[in-house]
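Structure first, commentary second.
The values are calculated or read from the model by the stated rules, or taken from the named source; none is laboratory data. Please read all numbers here as calculations on a predicted model, not as lab measurements. FYI the Cβ positions are ideal-geometry reconstructions off the backbone, even for glycines, and counts take in every protein chain you see. Ligands, DNA and RNA are excluded from the accessible area calculation, which covers all protein heavy atoms including side chains. Shrake-Rupley method; radii C 1.70, N 1.55, O 1.52, S 1.80 Å.
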Amino acid sequence: MALASVVLQLALVVATMLVTATLVVIGPRRLVTALQDVRWRLEMCLLPVATLALVLFLRWSTVDIAVRIEHRVLGNNITPRLFELEQLLFPVNPVAALQTFQSPELTSFFAFVYIYGYAFLLLFPIIAYFALETMDDLSTLLLAFTVNYTIGLACYVLFIAYGPRNFDPLLFEGLLYDGFPQMRRLTNQVNQSTNVFPSLHTSLSMTVFFLAWLTREKYPLWVPVSGVLAISIAVSTMYLGIHWFSDVVAGTVLALISVHIGRSYSIRDLGRSIG
Amino acid sequence: MTRGAPSLSRRHLLAGASGLSVSALAGCAERFWSRAENNGPDQVALTIKTVPADDDAMASMIVSRFRENVEAAGIDVSPEPITESELYRDVLLEGEYDVFVIRHPGFAEFDDLYGLLHSQFVSEGGWQNPFHFSSVTADDFLEQQRAESGETRRETLAELFEYLTETTPFTVVAYPDRIGGTRRSIDAPAPPQRAIEFIDLLSTAPAAAGDRDGPLTVGIYGDGLTGRLNPIAVDQNRIPGLLDLVYAPLVRRPSESWEGAAAGISPSQPPSNAESVSPEEYIPWLADDVRWDDTGRLSATVSLRPGLTWHDGEPLDADDVAFTFRLLADTSLGTADSGIPAPRYRGRQTLVDTPDQIEVVDGLTLEIPFGTTTAPAAAQFLTVPILPQHIWEPRSELVAERQTRALTTNNDAPVGSGLLEFGDAGSDALVLEPVADHVLRDSVSTDMPAVLDGFPQFEGLRYNISPNVGTMVDALLAGDVDVTASPLPPEQIESLADDNAVSLLTAPSTSMYLIGYNTHHPELGNPNVRRILSRLIDREYIVSELFDGLATAPTTQESLLGYRDSDDRSDPLPLAGFPGTDGELDVERVRRLFDEIGYRYEDGVLLR
């Protein structure tokens, strides 16, 4: 019941953001044109959508097996390595440094960005690219998302890693769940606390931002909006004590790889090269 | 904070590089070879395993302080957070750990140390000697105390504690108070932990006027709590009270701390587990009578209540009881060579001569020979949960090498014989339903346990499962939960302060945070090292700063080993002394301590 109310709230907020952004960034005229030939558009992006759906379905259906392999078979706990690496590189851990700027307003802002901003950032480009004349950018986006998930989820099986808040509550604070415990009902549905390296929040957000830059001529306004959001989300994962700096760096690298693959290949190419 | 390991490797690298160039320039091959052939001594390195802060914030904080101090002592430390069930597997089954920090529910009897430390269990899984501690001296004391009673046993135990203080296989950091919250309408005396405490709550009429519909709702939090309902596995279910409610024992140990809290005894008198409970004080449960015979070798005649049934309707008789003891001793029931004992309740099984000698006199009567064991220790044996033969006998089949199905099964729908039966489990709730025609509810009998007066006032028991502490507190404040059972970290107390419908519960307990050492680790095999490490945490500081005073620091030999006494008789020990003040370590002092036991430092790094 409590989960339902959290989800409903998320849906309302994100829907409002999407409608506003659609009107401002895409414009009503473009949208109406797009809606007139929905069928053709849907057919064009059916394959990438199906691939993404397949990856997400595989993850959902194999979560038990994945957790068993992660813990029992591989048992690769890199949490202390991440902590030591950052202690070696920085005088103060970046997460702890960010948290010294803590204020209730900042915490609310970053919590909002982490949950609502993130959902909006991932969903809006799907609508935006759907409204373009060709479906190339949408296919690129969906393929890049798929690559993100595939590599990210493989890493989650390979490495057990806990975030800063779980590692040492005296050095790092778990600001999100201290302030908004109900959010855990939501995040629990999609993630486990050992899925930290790399940060998929960062990689997916950065993917959207990089693609926004590449499509800047079509949606010039989307570049600054997605840029501010993506960077805020990356910072929020650290400020809220959920991810290490290393996770964010790895997430950004993953975004670059995903965008590169998304731009260079199509699902058909990949299928052919594998086949 | 300075890191030892990197500076060491840098030093090695530089030394190697300079050595190479010098020898090349001077043509001095000797120097080069000696460097190449001899690896310098390495830094002492330890991993510390504990649960992530989400699951137990206090354990995580204790590790944080401990890590800083151990690191300052020149040791390379890696703290490794790991889920509770995996932690238990690593520590209790695989032996894959160096140091662990865990919240232990607390010992019930002195004899618990037998299972925990006797070298007979050195290769067994479970809470059987997870430290791989082996000492002939300790074994002797452990065996001796079993055969003794009264003052003689007391003296043996004192010697045992003295010896264990010197050898320190594990050490207690603090005894946290039970902290929780209750709706005023229920007014629980303390957060319930043990089955008997839940039963007392269920038998007590709610304080609010009028009858109350529905089950008693108990708030708990954590991940994957309902996945495993196997009462004899190590990574056993962590829901307080659950399996002991479903699987009833022959007798139940009374809960002094609960009765104390109910009677309003002030927290300044902590509960004690350092006194033996006499066998007569145990509450007869499935048994309606236990007759002890200590003329010669000790034996007990147990008679069951007539008319007992399992939750699936099958009758429960003395054969089930004898079967349970056989299964615990060997879950393969004779098929595997030398047997595969259940990792839980193992220490207690050794109280009986051999489980085969348990004699089923008739359908309701058993005779259990305890040999040289004395009654206070033996009574513990009768508190193990009784399992249905018709369900567990087929589970004796082998599924892998030295693994029986009895140990691997999740036991998704447990069938027991308790007053509550398993109803339903989901990700956000687990429901226990009252058994309508249970023998213990039969008001005709006169010898009912007093705790059952008025049972039940609720339609069963519902565990409300939250993903984290915050949501559990929210559920309590919203009235979705009557009382909380999972421990509340002290920092959450404020959130209960402003609400008039809710009251804060704190009660001292015998549960404890302990640091355990794997004596198979090259350095931790040295008792002197374990003793110094055990001093590297300022217990008083932990209690006052991290627990806000809602815990007790151990100060005596016994309490450092898990036995609290209501009055601290001995003086605080120098052994427990923290080398520093107010949580701040005096690094020079620690180095001297390691110096004294023959260890060396180089550039602030402790060498092997």
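Here are the numbers for this structure:
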item: Interface residues in segment A:149-172 - accessible area drops by 50 Å² or more relative to the isolated chain, probe 1.4 Å; result: A:Tyr162, A:Asn166, A:Phe167, A:Pro169, A:Leu170
item: Residues in segment A:70-106 occluded by at least 30 Å² - accessible area, probe radius 1.4 Å, against chain by itself; result: A:His71, A:Arg72, A:Asn77, A:Pro80, A:Glu84, A:Gln87, A:Leu88
item: 5 angstrom amide H check on B:Ser509, placed H, neighbours 5+ away; result: B:Arg178
item: Distant-in-sequence amide H partners of B:Val51 (H built 1.01 Å from N, under 5 Å); result: B:Ile82
item: Sites B:Glu151 and B:Thr581, calculated FRET efficiency, Cβ-Cβ separation with R0 30 Å, nearest 0.05; result: 0.15
item: Derived scalar couplings ³J(HN,Hα) [segment A:158-174; Karplus, 6.51 cos²θ - 1.76 cosθ + 1.60; whole Hz; x for Gly, Pro]; result: 6, 10, 8, 9, 9, x, x, 4, 7, 7, 8, x, 8, 8, 10, 9, x
item: Shielded residues, segment B:55-71 - accessible-area loss of 50 Å² or more between chain alone and all protein chains, probe 1.4 Å; result: B:Arg67
item: Carbon/sulfur fraction of accessible area - the protein assembly as shown, other protein chains in place, 1.4 Å, %; result: 55 percent
item: Inter-chain shielding of B:466-474 (mean C-beta neighbours from other protein chains, 10 Å cut-off); result: 6
item: Simple spin-label estimate for B:His104 and A:Leu123 in nanometres, 7 Å along Cα-Cβ; result: 5.1 nm
item: Interface size A-B, as summed buried accessible area [1.4 Å probe, Å², nearest 100]; result: 2500 Å²
item: For segment A:223-265, accessible area per residue (1.4 Å probe, heavy atoms of protein chains only), Å²; result: 34 Å²
item: Long-range HN-HN contacts of B:Thr552 with modeled amide H, under 5 Å; result: B:Tyr175, B:Asp177
item: Chain B - charge dipole about Cα centre, Lys and Arg +1 at Cβ, Asp and Glu -1, debye rounded to 20; result: 1800 debye
item: Where labels lie 7 Å past Cα in the beta-carbon direction, separation of B:Glu393 and A:Leu74 in nm; result: 4.5 nm
item: Per residue accessible area in Å² of chain B, where ligands, DNA and RNA are left out and the probe is 1.4 Å; result: 39 Å²
item: Backbone HN-Hα couplings from phi across segment B:284-298 [Karplus 6.51/-1.76/1.60, Hz, Gly and Pro as x]; result: x, 10, 5, 7, 9, 7, 10, 9, 8, 10, 10, 7, x, 7, 6
item: Inter-label distance, nm, simple model (7 Å from Cα along the C-beta direction), B:Thr372/A:Leu56; result: 6.9 nm
item: Check: the protein assembly as shown dipole with +1 on Lys, Arg Cβ and -1 on Asp, Glu Cβ, in debye; result: 4320 debye
item: Stretch gain in nm, segment B:Ser278-B:Asn410, where the contour uses 0.36 nm per residue and the Cα spacing is subtracted; result: 44.0 nm
item: Using a Förster distance of 60 Å, the FRET efficiency for B:Asp453-A:Leu35 (Cβ separation, nearest 0.05); result: 0.25
item: Percentage relative contact order, segment B:380-485, counting C-alpha pairs under 8 Å, at least six apart; result: 17 percent
item: Rounded to whole Hz, the Karplus (6.51, -1.76, 1.60) HN-Hα couplings of segment B:322-332, x for glycine and proline; result: 4, 4, 4, 5, 5, 5, 5, 6, 7, 5, 8
item: Estimated FRET transfer efficiency (A:Thr16, B:Arg297; beta-carbon r; R0 60 Å; 0.05); result: 0.15
